Amino acid sequence: MTPRMYLQSLARSSVRMTPWVGHPNRGVHALGHGDGRSRDHVHGYVGRCLAVLLALLMVLATPARAADDSLFRALGGEAGVAAISAGLVERVYADERIKHLFQETNPRFLTEQLRKQFCELSGGPCKYDGETMKKSHAALGINKAHFNALVEDLQLAMDAQGVPFATQNRLLALLAPMYRDVVTR
């Protein structure tokens, strides 16, 4: 059963919860139906709710990725993505606001990792095999201003390649969820 089918079956379910029905022997409140159904039935309902919550969390935890390769092609394919990555790294190492964050990183390595990541996210054939964003940025102390500076540098790199504004926004929308893993202070 797919998660969608499971959610639809839950929506059709006749289970209705009446929360906080008092327990007569203890001064504690317990979940119940108020219509005489057994505790096992309540536990089944709670179990289904937890399963739905788990399914939703798994969907939300999946990294964003383009549904097809149209963004990859709009960025100029492999050559375009490579040029954008190289342009970004060139700008980052020249940017007084953030260049100190990259002192310990080999520029060629960073360019290649960004190329793979942009390629995969945009629907291209590449596979990003680097560290998670959270792990690779944990010790850097990146703040919102640093993040915004990098985004500006990426936009300038895309401008230099003639990437249309709407296409830039499509890539930035795929990268935006990484904010919570990259910004640590």
Restricting the range 152-185 to residues that are at pLDDT 95 or above and not in a helix (DSSP H, G or I), the residue that is surrounded by the most Cβ atoms within 10 Å (Cβ to Cβ): VAL163
Failed item, numbered, when LYS135 is tested on (1) modelled with pLDDT of 95 or more; (2) assigned to a helix (DSSP H, G or I); (3) of a type outside the set (Ser, Thr, Tyr): (1)
Members of the range 112-126 that are among the basic types (Lys, Arg) and either at pLDDT below 95 or in contact with a helix residue (DSSP H, G or I) (Cβ under 8 Å, 6 or more places away or on another chain) (or both): ARG115
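If a residue has to be at pLDDT 95 or above and not in a helix (DSSP H, G or I) to count, how many in the range 62-81 make the cut?
3
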Failed condition for ASP129, given (1) modelled with pLDDT under 95; (2) closer than 26 Å to GLU96 by Cα: (2)
Complete set of residues in the range 112-132 that are assigned to a helix (DSSP H, G or I) and of a type in the set (Asp, Glu): GLU112, GLU120
Residue in the range 91-111 that is farthest from ALA160 (Cα to Cα), counting only those that are out of contact with any helix residue (DSSP H, G or I) (no Cβ under 8 Å at 6 or more places or on another chain) and part of a helix (DSSP H, G or I): HIS100
Criterion: more than 20 Å from PHE102 (Cβ to Cβ), out of contact with any Lys or Arg (no Cβ under 9 Å at 6 or more places or on another chain) and small (Gly, Ala, Ser) - qualifying residue of ALA166, ALA139: ALA166
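The values are calculated or read from the model by the stated rules, or taken from the named source; none is laboratory data. Quick caveat, the model's predicted, so the values are computed rather than measured. As a convention, Cβ positions derive from the backbone with ideal geometry for all residues, glycine included, and neighbour counts pool all protein chains shown.
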